[in-house]
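Where a number appears in this text, it was derived from the coordinates with a stated rule and is not lab data. Bear in mind the structure is a predicted one, so any value in this text is a computation, not a measurement. Reconstructed Cβ throughout: ideal geometry from the backbone, glycine too, with neighbour counts over all protein chains shown.
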C-alpha cells in the first residue's frame, strides 16, 4: 500500500490506533479470501480495492472534496442514493463489521447493542475510519431503536440528517416517506449548494440502476448448478458496491460477469456440483464481516444468495426511470424503496415471500437464518419465518453470532450437522 | 379470596399453571408490602385490590361483558384511554412484571427480549392471566422494536389494533398521531358498536383528568420533607390505576390523600427526615415488579418520584377539556399525548428537562436510572442523561436488572454505597 499517512493525518485519524487495524486486515483477508480455490480472475480488482481500502478510495474522496464535491455517509439501504448523487455528492456506506471498533463504541453506546451499531459508533468516536472522517454529513434513518439512538450520539460529533422511515406500509406511510425524500433533497441542496433537478435525478437513477443490474447479473450466475463464484466473493462485491466509485464498480463487475458466464458455459465452478446450496437470510454483513460465509464455505456448503441488505435487498428492485417531474421522481423512489421488506416494518410478511421465492430461484437446499446479537427485529421474525418455511418443507437453522471468532468452531459443528441433514433429504 | 375457578374456566385459563401463580403472589406481596412500618390506613383498599387481583376485578369485567360492554387491553401510556371509555369500553393495562411468565414467553419471542415484553407474551400464550383472557381486543403501539414485533405474534392469537406512534415530534408527526387517534376511534366504534361522539369524549376526558389529578395530589404529598407514604406504596397505586375501575380508583385515592395530607400536617412520615430521597427514572414497572423500590427502601433511602410510565408520565399532563368538536378533541388529545417524553422518540431531550425538573420539585438527593435488560432506547439514553445531570451536579447511578431476585443482594450493595455518597454530599 502506498503511504497515506499524510492523508490520514489531514483527516484527523488516530494514526497509532489505525495502524493496529491496518496491520491485521491483510492477514485476515488473506486467510479468508486468498486461500480460496478456483477463484475467477476478475476478483483481482476487488482484492485490489480491499488492499487499498483506507487508501486509494479515501484519496479519491479527498480529491473530490478539493474540487468542491461533498461526501455523505450512510448506514442503510433505505437512503436514496439517487438524491445524493443528483446533488453532486458521493455516497459511502459506513456500516462497520469488525469488533476492532467495539471498545471505542462501548464508550458511547450500551454494551448490549448490536455489533454493527457498536462498531460504527467506535469507528466514529475513535477516529479510526477515514471514511467517517471524509464525510461532510452522515445520513441516518429510524429503522431500529439502536440506530435511531445512535444518531443522537453522532449529532454531538458531526452534521447529521435523519430520514424518518415509517413503521408501516399503508398509503399514508408511503406519503410520509415521499415527503421524507423531499426533505432529504432539500437538506442535500443545502449541503452541496447544487440544485437537485429532475434531470439530475434521472441521470443518477440511470447510473444506480446500472449498478443494480450489474449486481443482478452477478447474482444470476450464482443460480447455476455449479456456481462460478463463491458466496464469499459475491458478498465482498456487494459490500464494495456501497462505497466504490459507481461507474468503475459497474465496469469491473460487468467484466467479472463476462468471465463468470464463460465459466458457466464451460461448466467450471468453484465447488463440486453436489455441494449443498445455502440461502443466507437476516441481518446485514458489513466489511470485514465475512465470518458466516467463511464458516459455511469451509464446512462443505456454498452460499448461493443473501436475503439481506448486503445481498439482494440492495439491488433487486430498480427505480422506474420514466419520471420527468420532481413529483414523479419522488413517487418512483418511494415505490422502489418502500418495496424493501425490512424487519423494521410491521407487519413484514413480504419478507417471508422473498425468502421462499429466493430459495426456489437459487435452487437452495437450506436456509441459514443469520442474526447479529441484540437485533430485536430480525431475531423476533425468526419464529414466523421458521413456521412458514416448515409449511414449504424448507430446512432452516438460526445462527446468532457477533463479530468475535471464539464461537466459529461451535457454529461450524452445528452447520456441518445441518448440511449433512439437508444433503440426505 | 373467593372461589373464582368457574370464572377462570370460562375465560379458558390454564388453571393448574395459574394456581402456581396464585400460590406465590400473596406471600411475595406480604413480604414486600405488609411488613412496611407506618403505612397509611388508606392502603387497605389497595391491599384488597391486590388480594383480589385475579378475582373481583375480573368478575367486574365479566359482568360488564354480560351487559354488552367490551374490554380492551393496552400496553402503553400513549394509548388514548379517552377513546376507549368514550366507546363505552373498559381499558386494562396489561404490561406484565413477573418472570413467572418468561418460560411461556420464550416460546414465542427471543430470549434476549426485555422482561416486560417476554412476560406479556407468556401471560397471553400460556393462558395464565385472566386480564388478557377478558379482553375483546388488544391495542399495541410502535413504541419500540420489541413491542412492535410482539403484536405480530399476538395477532395470531387475538384481535389486535396497532397505533402507529411517530418516531419524531415535528409538525407532520403531530398530524400523523392525530390521524392515528381518528383511526383508533373508528376501530373502537367497530368493536363496540357505540358511536364515539364529541360529548362522550368530553365525559371520558373529564373522568380521566380526575384520575390524573388524584395521582398528582398523591405525588404532591411525596414532596413533603417527611413523605407520608413510601415510594413502594405510591408505585403500587399507579400500577393499580392502569386496570382498576376509574371512578372507584379516584374516590379511594382521594380518601388516601386526605389521610396523607393530615399526616403531613402532623409531621408524620414513613421514614426519618434525613433519609436520602431518590428519583427513579427509566423503564416502566408492571405489577408485581416492585423489586427496585423494595431494595431502595430497605437500603436506607426513600423513592420520592418516578420519571417512568408507571410514574409521572402517566398523569402529569392533563387533556384540555375545552373541545366541543371531534377535531378539537383529536387535537387536544394529540397535544397531550405527544407531550410525553418517551425514549422511543428521536430526539428526546425533553426527558432530560423532565428529570432535572422532577429532581428539584421533589427535593431529591440522587437519581437511580433504571433499565430493564434489552431496553435499547432507555439504555442508550443513559449517557446523555448522565452528562446532563453531571452538569447540574446531580448524582446518578444506573441499575439494569430483570425480574429475577438473584442480583438483589448485589444491587443492594451498590445502592448502599450510592446512598452513603449522596448523604455525605
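Details
- For A:377-383, mean number of other protein chain Cβ atoms within 10 Å: 6
- Fewest-first sequence of A:368, A:194 by Cβ atoms within 10 Å of each Cβ: A:194, A:368
- Sorted from nearest, the other copies put their residue B:413 label points 3.3 nm away, the label point being 7 Å from Cα in the direction of Cβ.
- In the stretch B:358-425, the convex hull through the Cα atoms has an average projected area of 5.1 nm², a quarter of its surface area.
- Mean ellipticity per residue at 222 nm, deg cm²/dmol - from DSSP H runs of n ≥ 4 across chain A, formula -39500 (n - 2.57): -16000 deg cm²/dmol
- Projecting the alpha carbon convex hull of the stretch A:249-306 along each direction and taking the average yields 4.9 nm².
- In nanometers and ordered shortest first, the copy-to-copy spacing of the residue B:158 label point, defined 7 Å from Cα toward Cβ, is 4.5.
- Along principal axes, Cα extents of the stretch A:186-278, largest first, whole Å: 55, 21, 17
- Residue of chain A whose Cβ sits closest to the axis mapping A onto B, with distance in whole Å: A:145, 2
- Residue of B:311, B:126, B:350 that the Gaussian network model of chain B assigns the largest fluctuation, springs spanning Cα pairs under 10 Å: B:350
- Computed Kirkwood radius, in angstrom, where 1/r is averaged over Cα pairs of the stretch A:60-114: 13.3
- Per residue, the convex hull volume that the Cα atoms of the protein assembly as shown enclose (Å³): 169
- Between residue A:20 and residue A:416, the FRET efficiency from the beta-carbon distance, with R0 = 41 Å, is close to 0.75.
- Distance from the C-alpha centroid of the stretch B:265-292 to that of the stretch A:64-86: 51 Å, rounded to the whole angstrom.
- Restricting the calculation to Cα atoms, the stretch A:310-371 shows an Rg/Rh of 1.07 when the hydrodynamic-style radius is the Kirkwood one.
- Every Cα-Cα pair of the stretch B:295-425 was included, and the share exceeding 26 Å stands at 31 percent.
- Diffusion coefficient, µm² s⁻¹, Stokes-Einstein with Kirkwood Rh over alpha-carbon pairs of the stretch A:212-331 at 10 °C and 1.306 mPa s: 104
- Förster radius 30 Å - calculated FRET efficiency between residue A:325 and residue A:44 (Cβ-Cβ, nearest 0.05): 0.10
- The stretch B:232-257 and the stretch A:134-191 have Cα centres separated by 42 Å.
- Descending semi-axes in whole angstrom, ellipsoid equivalent of chain B, from the Cα gyration tensor: 31, 25, 23
- Counting only Cα atoms, the stretch B:2-192 measures 51, 41, 39 Å along its principal axes, largest extent leading.
- Distance (nanometres) between label positions extended 7 Å along Cα→Cβ at residue B:197 and residue A:9: 8.0
- Sorted by Cβ neighbour density within 10 Å, fewest at the top, the residues A:331, B:321: B:321, A:331
- Footprinting exposure proxy ranking of A:237, B:117, B:278, fewest other C-beta atoms within 10 angstrom first, gives A:237, B:117, B:278.
- For the options B:135, B:257, B:22, a Gaussian network treatment of chain B with springs between C-alpha atoms closer than 10 Å singles out B:22 as fluctuating the most.
- Sites residue B:155 and residue A:225, calculated FRET efficiency, Cβ-Cβ separation with R0 51 Å, nearest 0.05: 0.80
- Here each label is just a point 7 Å from Cα along the line to Cβ, and for residue B:407 and residue A:316 those points are 3.9 nm apart.
- Mean-square fluctuations from a GNM of chain B, with a 10 angstrom spring cutoff on Cα atoms, peak among B:171, B:99, B:81 at B:171.
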